[in-house]
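Read the structure below first, then the notes.
The values are calculated or read from the model by the stated rules, or taken from the named source; none is laboratory data. For clarity, every value in this text was computed on a predicted model and none was experimentally measured. Backbone-built Cβ (ideal geometry, glycine too); neighbour counts: all protein chains shown. These area figures cover heavy atoms from the full protein model, side chains too; ligands, DNA and RNA do not enter into them. Shrake-Rupley method; radii C 1.70, N 1.55, O 1.52, S 1.80 Å.
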Amino acid sequence: PPPDVPFVTGEQATVDQVKSLYSAELAKPWQQRSPVEITSDWTLRGVITASDKKEGNLYKEAFIQDATTGLRMVFDATSGLYIGDSVQVNVKGLWLGDYGNFIQMGSEPYTDNNGNLRVSGFNMDRHIRKISTGHAPVPAKATIQQVKSAAWLGRLVKLEEVQFDDDQQGMSWADAQADPPAAANRDLVDCSGKSIIVRTSGYASFAGEIL
């Protein structure tokens, strides 16, 4: 039989508390930032709002959200998490980094091909316990202007009264016909002219659908 490794939780913390550990790094120019190790014996509790088990738009990652905010988690393999799963995450020993000011939680840092320090994927089975399933997350209504602020990063949101830019009508979400399939950016605009980029993976199940 497989070894029975008990899941021992630490002190409950919020997603916002964990993300705050990286706030000093975000204040620096991006070239001077370094990943931060989480040394506190903390456990997060939240709901999965997006995962790599849905539609192929994400890969080896999932998002957890609690009452405070949301956080991207990167894994070393495809996760077993589904949208609506309630989970506990032991974060001690994990690392925080960022990509384009977007905080993400992973494992030991590595240097990418451009010489930048990034967090690697962590082993989900060692740090995450699924408590229950079927908790359909309810998105918060927001505007394009709001979701560009740091407080909204990582949260599940719903944008109303928006459309893709006129010059992109008839395009597909991404380039599913390329070899290999390629991600693409599309511009979403609201009635006041505010815009935001919607980026879709070429491997998403809906990549070839027309906007």
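What to note about this one:
- Three-way shape call for segment 38-80 based on the alpha-carbon gyration tensor, with the a/c threshold at 1.5: oblate
- Ranking S192, S34 from most to least accessible surface, computed with a 1.4 Å probe over the protein chains only, gives S192, S34.
- Charge tally in the Cβ shell below 12 Å around S40, where Lys, Arg are +1 and Asp, Glu are -1, S40 excluded: -2
- Gyration tensor verdict on segment 142-198 (Cα atoms; rounded if a/c is under 1.5, prolate if a/b is larger than b/c, oblate otherwise): oblate
- Charges were assigned to the Cβ only: +1 to each Lys and Arg, -1 to each Asp and Glu. The resulting dipole of segment 44-154 about its Cα centre is roughly 280 debye.
- For the chain, excluding the exposed loop sites themselves (GluC sites (Glu not before Pro), DSSP loop, at most 13 other Cβ atoms within 10 Å), the longest remaining stretch covers 1-159.
- FRET efficiency, 1/(1 + (r/R0)^6) with R0 30 Å, evaluated for I196 and Q32 via beta carbons: 0.60
- Across all C-alpha atoms in the chain, the radius of gyration and Dmax reach 18.1, 61 Å.
- In terms of the mean number of neighbouring beta-carbon atoms within 10 Å, the peptides 109-122, 143-156 order highest first as 143-156, 109-122.
- Lysine-lysine proximity count for segment 1-109, Cα under 25 Å, sequence distance 8 or more or distinct chains: 6
- Surface exposure of segment 1-128, expressed per residue as accessible area with a 1.4 Å probe, stands at 53 Å².
- Check: segment 1-93 dipole with +1 on Lys, Arg Cβ and -1 on Asp, Glu Cβ, in debye: 260 debye
- Prolate/oblate/rounded label for segment 53-168 (Cα gyration tensor, a/c 1.5): oblate
- Highest mean packing first, where packing is the average number of other Cβ atoms within 10 Å per residue, the peptides 3-10, 68-75, 16-23, 167-174 line up as 68-75, 16-23, 167-174, 3-10.
- Segment 139-158 residues near the modelled E55 label - backbone nitrogen below 13 Å, point 7 Å along Cα→Cβ: 157-158
- Other residues within the sphere of radius under 13 Å centred on the Cβ of F63, judged by their own Cβ, net out at +2 (K and R +1, D and E -1).
- Placing R0 at 45 angstrom, the Cβ-Cβ distance between V8 and A150 gives a FRET efficiency of 0.90 after rounding to 0.05.
- For D76, solvent-accessible area (1.4 Å; no DNA, RNA or ligand), Å²: 80 Å²
- Placing unit charges on the Cβ atoms only, positive for Lys and Arg and negative for Asp and Glu, gives the chain a dipole magnitude near 480 debye about its Cα centre.
- Computed over protein heavy atoms with a 1.4 Å probe, the carbon and sulfur contribution to the accessible area of the chain reaches 49%.
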